[in-house]
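Below is one structure, written out as structure tokens; the observations come after it.
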Amino acid sequence: MQRASATAHELARIGLLAPLSGERLAKLAAAMRREEIPPGKAVVNEGEDGARFYVVLAGILAVSQTARGPRSLLRPGEYFGEVALAMNIPRTASVRAMTPVTVASCDRATFDEFVRPLFAE
């Protein structure tokens with residue numbers, strides 16, 4: 001059976017989120033939605049409104065920009081989507097699964113409560 005949310009243990013492996021207390025990690029994990037993404041499918045597309053922040057739990061994703069082409073690869077422990085949420089701008093890049101991928105994501109309110117303060121530190 002697939003869990004609908006992430007686990008605090010999984011989130012503790014994300015470098016950005018590691019400073020959160022166990023209690024905060026558990027609350028964040030409960031608010032996150034877990035998704036399985038098949039190879040080739042886009043998770044976010046450059047230019048669209050950004051409504052969610054993502055962490056990579058498994059698999060590899062490719063980041064690209066229309067003007068600059070392929071940019072980087074994302075692996076487990078990394079994250080994306082924070083720029084659109086933090087700066088309130090459209091997505092700055094497209095992110096597509098290269099392998100079967102598992103991500104966990106949260107909405108803007110959850111991002112603002114738990115994740116945004118980590119960028120201020």
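Among residues of the stretch 82-109 being polar (S, T, N, Q) and within 12 Å of the chain's Cα centre (by Cα), the one that is nearest to Arg33 (Cα to Cα) is Ser105.
Listed by first and then second residue, the pairs linking a residue in the stretch 76-92 that is more than 18 Å from Ala104 (Cα to Cα) to a residue that is aromatic (Phe, Trp, Tyr) and crowded, with 17+ Cβ neighbours inside 10 Å, with Cβ atoms under 6 Å apart and 6 or more places separating them unless they lie on different chains, form an empty list.
Find the residue count for the stretch 14-28, including only residues that are surrounded by 13 or more Cβ atoms within 10 Å (Cβ to Cβ) and more than 12 Å from the chain's Cα centre (by Cα). Full working, then the answer.
Our first condition is that a residue be surrounded by 13 or more Cβ atoms within 10 Å (Cβ to Cβ); within the stretch 14-28, this holds for 14, 16-17, 20, 24-28.
Then drop every residue that is not more than 12 Å from the chain's Cα centre (by Cα), which leaves 20, 24-28.
Of the residues in that region, 6 qualify.
When the stretch 53-66 is filtered for residues that are in contact with a Leu (Cβ under 8 Å, 6 or more places away or on another chain) and either charged (D, E, K, R) or closer than 25 Å to Thr7 by Cβ (or both), the ones remaining, listed by number, are Phe53, Val55, Val56, Ile60, Leu61.
Taking the numbered list (1) over 17 Å from Thr102 (Cα atoms); (2) in contact with a Gly (Cβ under 6 Å, 6 or more places away or on another chain) in turn, Arg13 passes all entries but (1). Filtering the stretch 43-57 to residues that are surrounded by 14 or more Cβ atoms within 10 Å (Cβ to Cβ) and either at pLDDT below 95 or under 13 Å from the mean Cα position of the chain (by Cα) (or both) leaves Val43, Val44, Gly50, Ala51, Arg52, Phe53, Tyr54, Val55, Val56, Leu57.
In the stretch 66-121, how many residues are among the small types (Gly, Ala, Ser), surrounded by 14 or more Cβ atoms within 10 Å (Cβ to Cβ) and modelled with pLDDT of 95 or more?
Just the residues of the stretch 66-121 that are among the small types (Gly, Ala, Ser), to begin with: 67, 69, 72, 77, 81, 84, 86, 93-94, 97, 104-105, 109, 120.
Next, from what is left, pick out any that are surrounded by 14 or more Cβ atoms within 10 Å (Cβ to Cβ): 77, 81, 84, 86, 93-94, 97, 104-105.
Now narrow it down to the ones that are modelled with pLDDT of 95 or more: 77, 81, 93-94, 97, 104-105.
Going through the stretch 66-121 one residue at a time, the tally reaches 7.
The values are calculated or read from the model by the stated rules, or taken from the named source; none is laboratory data. All of these numbers come straight from a predicted model, not from anything done at the bench. Cβ coordinates were reconstructed from backbone atoms using ideal geometry, including for glycine residues, and neighbour counts include every protein chain displayed.
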